[in-house]
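Single-structure report; data block below.
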Amino acid sequence: MSDGRLSLPARLCLLGWDAARPPSGATVRLPGLVRAGALVELARKGLLRDEDGIAVPAGPDAVAGDAVLDGLLELVHESCPHPWRTWVTLRSRVTLDAVREQLVAGGYLRAEKKRVLGVFPSVEYALGRAAAVEALREEVRQVLRGPLPVAALAERDAAVAALAAAAGLFAQEGAAAGRRVGELTERAGEAAPGLGRIVREVRAAVAEAVRAPASL
């Protein structure tokens, strides 16, 4: 995809950002979607593994060399064991905040300081590189629709598309579209042993969060 330097959670954060305005569902959808990307990234790197459906750190000294991923890895280390689906939403805003800081540093987002009611300091975020984000969106559309066969796609690109589709970021209609997403999900899991189950679990959790009422 356009910028290979961007991690899975960073790409998913940008995909969930409306080029004109933050999406109305951002506070509900983005944290879980971004966290799902971080979980898959850590599993791809072998830093999180699956043990009977539980996310388990690979070892006490494992590091990813990325502030977002290492922050999540530390959180998993310090917490009680949880299934993958639980980790998609548990304290997920922590991961979203860390990803936004990275994207601001890279110029993809702008942090704009404001005051609520003219008194309380606040920060709002806006796209800083809208053209780059639109290029990313177009590439994901192509992954979801073809023409390349799924087997010819990179596993990371398949993971981005499958998770973005689960979050409802791209319209998917018809049996053919559903089959394509299923194939992308399987392709995303081919990068490492046991990764397929992890991708399916976190993708299901993202889809459930989208269907759930906003108040939940």
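The values are calculated or read from the model by the stated rules, or taken from the named source; none is laboratory data. Note that the coordinates shown come from a computational prediction; the quantities given were computed from them, not determined experimentally. No Cβ is skipped: glycine too gets one built from the backbone with ideal geometry, and neighbour counts run over all protein chains shown. The area values use the complete protein model at the heavy-atom level, side chains included, leaving out ligands, DNA and RNA. Shrake-Rupley method; radii C 1.70, N 1.55, O 1.52, S 1.80 Å.
Looking at the stretch 138-157 only, could you name the residues that are open to solvent by 20 Å² or more (accessible area, probe 1.4 Å) and part of a helix (DSSP H, G or I)?
As a first pass, look at the stretch 138-157 and keep what is open to solvent by 20 Å² or more (accessible area, probe 1.4 Å): 138-139, 141-142, 145, 147-149, 151-152, 154-157.
Within the stretch 138-157, Glu138, Glu139, Arg141, Gln142, Arg145, Ala151, Ala152, Glu155, Arg156, Asp157 meet the criteria.
What number of residues within the stretch 112-137 satisfy the criterion of being open to solvent by 40 Å² or more (accessible area, probe 1.4 Å), within 17 Å of Leu30 (Cα to Cα) and modelled with pLDDT of 90 or more?
Selection size over the stretch 112-137: 1.
From the list Val94, Val123, which one is among the β-branched types (Val, Ile, Thr), at negative phi and within 17 Å of the chain's Cα centre (by Cα)? So that I can check it myself, show each step before the final result.
On the way: Val123 fails: within 17 Å of the chain's Cα centre (by Cα).
Being among the β-branched types (Val, Ile, Thr), at negative phi and within 17 Å of the chain's Cα centre (by Cα) holds for just one of Val94, Val123, which is Val94.
Taking the stretch 101-122 only, how many residues are part of a strand (DSSP E or B) and touching a helix residue (DSSP H, G or I) at 6+ places or on another chain (Cβ under 9 Å)?
Taking the stretch 101-122 and keeping what is part of a strand (DSSP E or B), we get 109-116, 120-122.
Within this subset, residues satisfying the condition of being touching a helix residue (DSSP H, G or I) at 6+ places or on another chain (Cβ under 9 Å) are 109-111.
Residues flagged as part of a strand (DSSP E or B) and touching a helix residue (DSSP H, G or I) at 6+ places or on another chain (Cβ under 9 Å) within the stretch 101-122 amount to 3.
Within the stretch 77-86, is there a residue that is within 14 Å of the chain's Cα centre (by Cα) and over 12 Å from Ser7 (Cβ atoms)?
Checked the stretch 77-86: at least one residue is within 14 Å of the chain's Cα centre (by Cα) and over 12 Å from Ser7 (Cβ atoms).
Out of curiosity, is Gln172 of a type in the set (S, T, N, Q), in a helix (DSSP H, G or I) and free of Cβ contacts under 8 Å to residues at least 40 places away in the same chain? Before you say what the answer is, go through the steps one by one.
Numbers: of a type in the set (S, T, N, Q): yes; in a helix (DSSP H, G or I): no; free of Cβ contacts under 8 Å to residues at least 40 places away in the same chain: yes.
When the stated conditions are applied, Gln172 does not pass them.
List the number of the failed condition for Trp87; all other conditions in (1) open to solvent by 30 Å² or more (accessible area, probe 1.4 Å); (2) part of a helix (DSSP H, G or I); (3) among the aromatic types (Phe, Trp, Tyr) hold.
For Trp87, the exception is condition (1).
Let's see how each residue does on (1) charged (D, E, K, R); (2) surrounded by 19 or more Cβ atoms within 10 Å (Cβ to Cβ); (3) within 14 Å of Arg29 (Cβ to Cβ):
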site	(1), (2), (3)
Ala159	no, yes, no
Glu186	yes, no, no
Ile198	no, yes, no
Ala207	no, no, yes
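Filter the stretch 90-142 down to the residues that are in contact with a Pro (Cβ under 6 Å, 6 or more places away or on another chain) and not charged (D, E, K, R) and list them by number.
Of everything in the stretch 90-142, those that are in contact with a Pro (Cβ under 6 Å, 6 or more places away or on another chain) and not charged (D, E, K, R) turn out to be Ser92, Leu96, Val99.
Would you check if there is a residue in the stretch 188-198 being in contact (Cβ under 8 Å) with a residue 12 or more places away in the chain and over 22 Å from Gly46 (Cα atoms)?
no
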